[in-house]
Amino acid sequence: MGKQAVKTATIDELALLRAENRELRKMNELLMTVVDNIRVAVYAVNEKNEIVIYNSETERTEHKIRSEMIGRDEREVYTEPFFEVWTRRIKEQQKPLFQETFHFTTNNGLRHSIIADGLPFFFEGQYAGAITISHDLRLLNEELERLRLRAQLLSAGAGKTARHDFRSIISKCAEMDKLIAMAQRAAVRDIPVMLTGETGTGKELFAQAIHSASARRGLFVPINCASIPDTLLESILFGSVKGAFTGATDVPGLFEQAEGGSIFLDEIDSMAPSLQAKLLRVLQEKKVRRVGALKEISVNCRVISAGIMNTPRNLRSDLFFRLAVVLLKLPPLRERPEDVKFLARAFVEKYNRKYGVGIRDVDPALNRLMQTYSWPGNVRELENLIECAMVFVEPHETVLAPQHVPDYYMENLNRQKQGRGGAASGQPLQQRLQEYEKQMITDTLARNSGNISQTAKELGLIRQSLQAKIKRCGVNA
């Protein structure tokens, strides 16, 4: 073979090698892209126990930077014997380990719990490293809770009908009569209504009454925005498509479920600003886009919202004006003491039926105590007191009296019998309300031995809403 032929063959071989090298680099980049973008932590060491793969999910769960991890001995990184109880086992057994739970601490002091698969890596027949593929147990539990809560909320929304109308609102107060008349007129106009008032003043009762008095025959779909994590609320409201996030399926949101009916957004002022912007667009365009979807879906439902403050300060002004075409400010019970005895009588009748007792009247002494009390928990607190007192009624008794009221309620009634300011006068109203709410939650938790579900049921709250209040008030649960 001549020199020219040798030279040509060498050039051809080099070109082939370059092409093969390029393909290998391309394949390597493809595999690393896949590894770096899957939603599981992938971590690998070589035969020298040096970290060679540390993907984005591992960075996220361990709160470390990949560039600072690659090339380091894993025994420098993990303060607990990760090598001895995990990597060495893979190396010595030279076979995979599946679905094992492992607990360890990184050198930045963070404690981790994972469920992992361990795979030995061989090159040319020799052990060349170990690969760990894991899920963070905390994140898995959070995801399971998200899915459970989402299913619970969607099933609660399905088939929901309004149980109350304007006849359910009990009042002899002129201000309440005026509000009821305004709400009745707004109901037939099919416009957005916002209800504001303290906790327990009857905002959902008004919302149901407005829906019942309207021409809409679709569902009444309520949701408490404060009880849902921000990351989940969007998919609950607007729906999702399969693959939008882990565990996502094609599910209609509450706006779609409320088609032809009403959606009630309680504690709207707790909604994150980013979600407020999306809600504003839905109100303007009357269309929703499910999370992960490209197309929009037209919706036809009335929006009734509620907030604690008279002008919810955490709400965008443009969204506020969209929601509050009619704004109804519900007064607290302390500002309508004439209603206390009528409400008390209605609750007595309700719990007569529930507990099979025969109370026909309320003792005047108890009525006086109740009318001079400030009722920080409003109508909900009054109902709670009456129900609790009815539990201690004997079968032969016909009058509900102070002796039926448990001590912890009587202490509150007696503490403020001098007037609606009582012992807490001089404190800002909001502070008094927060202190009472905290005390009420604390007392109810104690009566139920710390059982969150039972406490939520007694207080008339859903479990997630109670947990949010426990966190906000700093209650030790």
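The values are calculated or read from the model by the stated rules, or taken from the named source; none is laboratory data. Here the structure is a predicted model, which means the values were calculated and not measured. All Cβ positions, glycine included, derive from the backbone under ideal geometry; neighbour counts span all protein chains shown.
Take I191 and tell me if it is over 25 Å from E259 (Cα atoms) and under 32 Å from the mean Cα position of the chain (by Cα).
For I191, the condition - over 25 Å from E259 (Cα atoms) and under 32 Å from the mean Cα position of the chain (by Cα) - is not met.
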Hits in segment 324-371 - residues which are touching a Leu at 6+ places or on another chain (Cβ under 9 Å), in a helix (DSSP H, G or I) and not aliphatic (A, V, I, L, M): D339, F347
In segment 60-105, the residues that are buried (at least 17 other Cβ atoms within 10 Å of the Cβ), under 40 Å from the mean Cα position of the chain (by Cα) and of a type outside the set (F, W, Y): T61, E62, K64, M69, E74, V77, T87, L97
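Yes/no per residue for (1) polar (S, T, N, Q); (2) more than 17 Å from the chain's Cα centre (by Cα); (3) at pLDDT below 90; (4) within 30 Å of R167 (Cβ to Cβ):
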site	(1), (2), (3), (4)
A187	no, yes, no, yes
G239	no, no, yes, no
D250	no, yes, yes, no
G260	no, yes, no, yes
Failed item, numbered, when P120 is tested on (1) under 23 Å from E68 (Cα atoms); (2) at pLDDT 90 or above; (3) of a type outside the set (S, T, N, Q); (4) crowded, with 18+ Cβ neighbours inside 10 Å: (1)
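Quick check, is N451 buried (at least 20 other Cβ atoms within 10 Å of the Cβ) and either modelled with pLDDT under 80 or at negative phi (or both)?
Details: buried (at least 20 other Cβ atoms within 10 Å of the Cβ): no; either modelled with pLDDT under 80 or at negative phi (or both): yes.
No, not satisfied.
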Pair list, Cβ under 6 Å, 6 or more apart: segment 280-300 residue in the same structural domain as D250 (by TED's automatic domain parsing) and part of a strand (DSSP E or B), other residue exposed (fewer than 13 other Cβ atoms within 10 Å of the Cβ) and among the polar types (S, T, N, Q): K287/S298
Candidate set: segment 123-138, residues that are crowded, with 16+ Cβ neighbours inside 10 Å and of a type in the set (S, T, Y); chosen: the one modelled with the highest pLDDT: T132
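If I go through segment 379-414 residue by residue, how many of them are in a helix (DSSP H, G or I) and in contact with a strand residue (DSSP E or B) (Cβ under 8 Å, 6 or more places away or on another chain)? Break it down into steps so the answer makes sense when it comes.
Step one: of segment 379-414, the residues in a helix (DSSP H, G or I) are 379-391, 402-404, 407-414.
When the remaining residues are screened for being in contact with a strand residue (DSSP E or B) (Cβ under 8 Å, 6 or more places away or on another chain), the result is 386, 389-390.
Qualifying residue count, segment 379-414: 3.
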Failed condition for S374, given (1) outside any helix (DSSP H, G or I); (2) in the same structural domain as D269 (by TED's automatic domain parsing); (3) out of contact with any Asp or Glu (no Cβ under 8 Å at 6 or more places or on another chain): (2)
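Kindly indicate whether L319 is in a helix (DSSP H, G or I), among the aliphatic types (A, V, I, L, M) and either under 22 Å from the mean Cα position of the chain (by Cα) or on the phi < 0 side of the Ramachandran plot (or both). Steps first, answer last, please.
On the way: in a helix (DSSP H, G or I): yes; among the aliphatic types (A, V, I, L, M): yes; either under 22 Å from the mean Cα position of the chain (by Cα) or on the phi < 0 side of the Ramachandran plot (or both): yes.
For L319, the condition - in a helix (DSSP H, G or I), among the aliphatic types (A, V, I, L, M) and either under 22 Å from the mean Cα position of the chain (by Cα) or on the phi < 0 side of the Ramachandran plot (or both) - is met.
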